[in-house]
Amino acid sequence: MNTLQLDLTGIYPFVSKDTVYSWADKSKAYQAALHAGTGLGNDFLGWIKLPSEISEQDFDAIEAAARTLQQHCDYVISIGIGGSYLGARAVIEALSPSFAPKADAPQVIFAGHNIGEDYLSELVSFLRGKRFGIINISKSGTTTEPAIAFRILKALLEEQVGKDAARERIIAVTDKAKGALRSLATQEGYQTFVIPDDIGGRFSVLTPVGLLPIAVAGFDIRELVRGARDMSALVGEDVAFEQNLSALYAAARNSLYQAGKKIEILGNYHPKLHYIGEWWKQLYGESEGKDHKGIFNASVDFSADLHSMGQWIQEGERSIFETIISIAEPNTTLRIESDEANLDGLNYLAGKRVDEVNKMAELGVRVAHIDGGVPNIRIVLPKLDAYYIGQLFYFFEKAVGISGYMLEVNPFNQPGVEAYKKNMFALLEKPGFEAETEAIKARLK
């Protein structure tokens with residue numbers, strides 16, 4: 001096995017294979033619309049051809065900038081929120097050692113994804129006196145959460161090393177021509193990378209938004225992109241429906257949705273996949289949750305969550321289905337030893353690999369959940385490495401484009417995200433929001 005595998009057999013007790021395959025003609029039309037740019041949201045389709053369009057010059061520029069930060073910094077703060085944060089964190093968390101920083105690269109720390117005063121205060125205290133740099137990721141430069149973090153951390157960096165040295169340790173990833181961050185970068189002389197106009201944040205992990213922090217952390221961005229490039233060919237519009245993994249996944253999800261399964265739980269049996277789940281939640285929730293439609297997305301980490309959410313999944317309301325990401329082969333080998341006293345009763349496992357126990361837990365849960373009325377989709381990655389994560393990212397991206405069109409929504413906008421911002425700005429009495437401030441204060445009396 002040298003590519004991602006998709007197993008739909010666990011849904012067929014609930015929806016028939018014929019039902020899933022009945023989407024074939026519509027899927028072909030939706031893919032044609034995606035590739036021709038004739039469907040909803042066609043101004044944000046740059047991600048479709050992105051893997052094959054990243055050039056050697058692009059790689060060289062990103063890797064050179066990463067080396068500069070690596071030479072001057074022990075810590076690099078990647079500032080961003082949503083799509084400007086989750087993709088990079090997902091890759092870095094998946095590939096990093098669990099209990100120690102990667103030895104040959106700076107530690108990448110994330111900021112700007114919350115407005116926690118304690119979080120920022122503790123980060124400032126931690127960085128005081130340390131060698132650090134900043135990657136500031138924002139198309140506008142005015143998004144509240146990252147803008148606050150950048151203002152505070154920029155001041156700390158300039159205080160510690162001076163403005164001239166700070167310029168060499170700050171990189172801006174932003175709009176090519178406009179916005180507050182672009183203006184500041186030009187004024188201060190920061191090195192910059194561009195967020196393409198036609199790629200939305202949640203699809204931006206293979207742009208400098210994701211590739212630069214990943215490269216700084218010491219991981220192979222070329223392998224990540226190669227995986228996405230290979231998957232883009234495997235799920236291209238010319239690939240027959242029955243072989244097109246993204247089309248099949250989209251059709252399976254929508255068949256289950258029409259059968260009353262309104263919640264999709266993404267599960268894994270590998271603790272390093274937690275932030276893959278967080279990235280996936282944004283990609284699918286922000287793409288599909290519109291017009292009072294869409295599957296609700298949640299994620300769980302097994303086997304830990306089997307001892308908490310497992311009860312609800314097994315016996316709660318039958319409105320859910322599962323998609324499980326499984327890793328075929330771990331990167332290390334650890335066997336369970338025999339113990340003479342055998343007080344824990346585990347000698348029946350002696351000589352077995354820990355992963356064999358994990359796989360049997362996965363299979364046992366799959367059977368139990370299907371028996372309990374939970375349809376189960378299984379995605380298998382041969383290994384957990386940059387190449388297969390690249391495959392997984394593109395597989396999910398292509399699938400959500402098709403799935404959004406199946407739902408008859410625009411999968412590439414996010415109008416609902418603006419609602420909280422308007423209220424927050426009004427409550428903070430931001431200039432230009434005077435009428436909204438008066439209205440919301442009257443409402444809250």
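Could you tell me the distance between the Cα centroids of the range 307-342 and the range 14-76, to the nearest Å?
31 Å
Give me the distance in nm between label points sitting 7 Å out from Cα along the Cα-to-Cβ direction at Ala350 and Ala240, one decimal.
Simple spin-label model gives 5.3 nm for this pair.
Calculate, for the chain, the solvent-accessible area per residue in square angstrom, rolling a 1.4 angstrom probe over the heavy atoms of the protein chains.
Using a 1.4 Å probe on heavy atoms only, each residue of the chain averages 46 Å².
Is the C-alpha gyration tensor of the range 136-178 telling us rounded, prolate or oblate? Criteria: a/c under 1.5 is rounded; beyond that, a/b larger than b/c is prolate, otherwise oblate.
oblate
If we sort 6-19, 342-355, 248-261 on the protection proxy, mean other Cβ atoms within 10 Å, highest first, what's the order?
Answer by packing, highest mean first, reads 248-261, 6-19, 342-355.
Which net charge results when you count Lys and Arg as +1 and Asp and Glu as -1 among the other residues whose beta-carbon is under 13 Å from that of Lys163?
Values: positive: Lys154, Arg167, Arg169; negative: Glu158, Glu159, Asp164, Glu168, Glu188.
Charge balance near Lys163 sits at -2.
How high is the relative contact order of the range 139-282, given as a whole-number percent (alpha carbon pairs under 8 Å, six or more residues apart)? Working shown, then result.
Details: 99 pairs, mean separation 20.9, N = 144.
The normalised contact order for the range 139-282 reaches 14 percent.
Can you work out ³J(HN,Hα) from phi for every residue in the range 119-131, in order, using Karplus 6.51 cos²θ - 1.76 cosθ + 1.60 and θ = phi - 60°, giving whole Hz and x for Gly and Pro?
Per residue, the Karplus-derived 3J(HN,Hα) values read 4, 5, 4, 5, 5, 4, 4, 5, 7, 4, x, 9, 7 Hz.
Need the list of aspartates and glutamates near Lys359 for cross-linking: C-alpha distance under 13 angstrom, and skip anything on the same chain fewer than eight residues off.
Output for Lys359: Glu329.
Give me the number: length gained by fully extending His72 to Val417, i.e. 0.36 nm times residue separation minus the C-alpha to C-alpha distance, one decimal in nm. Kindly include the intermediate steps, with their values, before the conclusion.
Working: separation 345, 0.36 × 345 = 124.20 nm, distance 3.71 nm.
Difference between extended and current length: 120.5 nm.
So how strong a dipole does the range 26-89 carry about its Cα centre when Lys and Arg Cβ are +1 and Asp and Glu Cβ are -1, to the nearest 20 debye? Please report the intermediate quantities before stating the final value.
Numbers: 5 positive and 7 negative charges, 94 e Å.
Using only the charged Cβ atoms, the result is roughly 440 debye.
Under the rule of at least 5 residues apart or a separate chain, name every residue whose amide H is placed under 5 Å from the amide H of Ile377.
Glu322, Thr323, Ile324
Convert each backbone phi in the range 81-96 into a coupling constant with the Karplus relation 6.51 cos²θ - 1.76 cosθ + 1.60 (shift: θ = phi - 60°), then list the ³J(HN,Hα) values in order as whole Hz, x for Gly and Pro.
9, x, x, 7, 9, 5, x, 4, 5, 4, 5, 5, 5, 5, 9, 7
May I ask you to evaluate 6.51 cos²θ - 1.76 cosθ + 1.60, the Karplus curve with θ = phi - 60°, for each residue of the range 286-295 and list the ³J(HN,Hα) values in order in whole Hz, giving x for glycine and proline?
Running phi through 6.51 cos²θ - 1.76 cosθ + 1.60 with θ = phi - 60° gives 6, 7, 10, x, 9, 6, 6, 10, x, 6 Hz.
Name the shape class, rounded, prolate or oblate, that the alpha-carbon gyration tensor gives for the range 182-238, where a ≥ b ≥ c are the square roots of its eigenvalues, rounded holds for a/c under 1.5, and otherwise prolate holds if a/b is larger than b/c and oblate otherwise.
Verdict is oblate for the range 182-238.
May I ask you to derive the FRET efficiency for Gln57 and Glu117 from their Cβ-Cβ distance with R0 = 35 Å, giving the value to the nearest 0.05?
So, using R0 = 35 Å, E works out to roughly 0.25.
Net charge near Gly46, counting Lys/Arg +1 and Asp/Glu -1 over other residues with Cβ under 11 Å of its Cβ?
-3
Hey, can you grab everything whose amide H is under 5 Å from the amide H of Ile77? Only 5+ residues off in sequence or another chain; H modelled, so Pro and N-termini drop out.
Ile109, Gly133, Ile134, Ile135
Taking the Cβ of Gly372 as the center, what net charge do the other residues with Cβ under 12 Å away carry, scoring Lys and Arg +1 and Asp and Glu -1?
Residues near Gly372 contribute -2 overall.
Run the numbers on the chain and let me know its relative contact order in percent, using alpha-carbon pairs under 8 Å that are six or more apart.
23 percent
Once R0 is set to 56 Å, what does the formula 1/(1 + (r/R0)^6) return for the Cβ-Cβ distance between Glu438 and Ser319, expressed as a FRET efficiency to the nearest 0.05? Kindly include the intermediate steps, with their values, before the conclusion.
Details: r = 42 Å, r/R0 = 0.74.
Computed FRET efficiency for Glu438 and Ser319: 0.85.
Working with all protein chains in place, sort Met231, Met424 by solvent-accessible area computed with a 1.4 Å probe, largest first. Before the final figure, lay out the partial values.
On the way: Met231 0, Met424 40 Å².
Ranked from most to least accessible, the order is Met424, Met231.
In this model, which of Lys261/Lys352; Lys178/Lys383; Lys26/Lys281; Lys49/Lys430; Lys290/Lys441; Lys261/Lys430 are farther than 31 Å apart at the alpha-carbon?
Lys261/Lys352; Lys178/Lys383; Lys49/Lys430; Lys261/Lys430
Cut-off 16 Å, label point 7 angstrom out along Cα-to-Cβ of Phe296: give me the residues of the range 399-424 whose amide nitrogen falls inside.
In the range 399-424, the label zone of Phe296 (backbone N under 16 Å from the point 7 Å along Cα→Cβ) covers no residue.
Under 18 Å from the Cα of Lys130, which lysines turn up, not counting those fewer than eight places away in the same chain?
Filter leaves Lys102, Lys154, Lys163.
The values are calculated or read from the model by the stated rules, or taken from the named source; none is laboratory data. None of these values were measured; they are calculated from a predicted model. Note: ideal-geometry Cβ built from the backbone for every residue, glycine included; neighbour counts use all protein chains shown. Heavy atoms of the whole protein, side chains included, go into the accessibility calculation; ligands, DNA and RNA do not. Shrake-Rupley method; radii C 1.70, N 1.55, O 1.52, S 1.80 Å.
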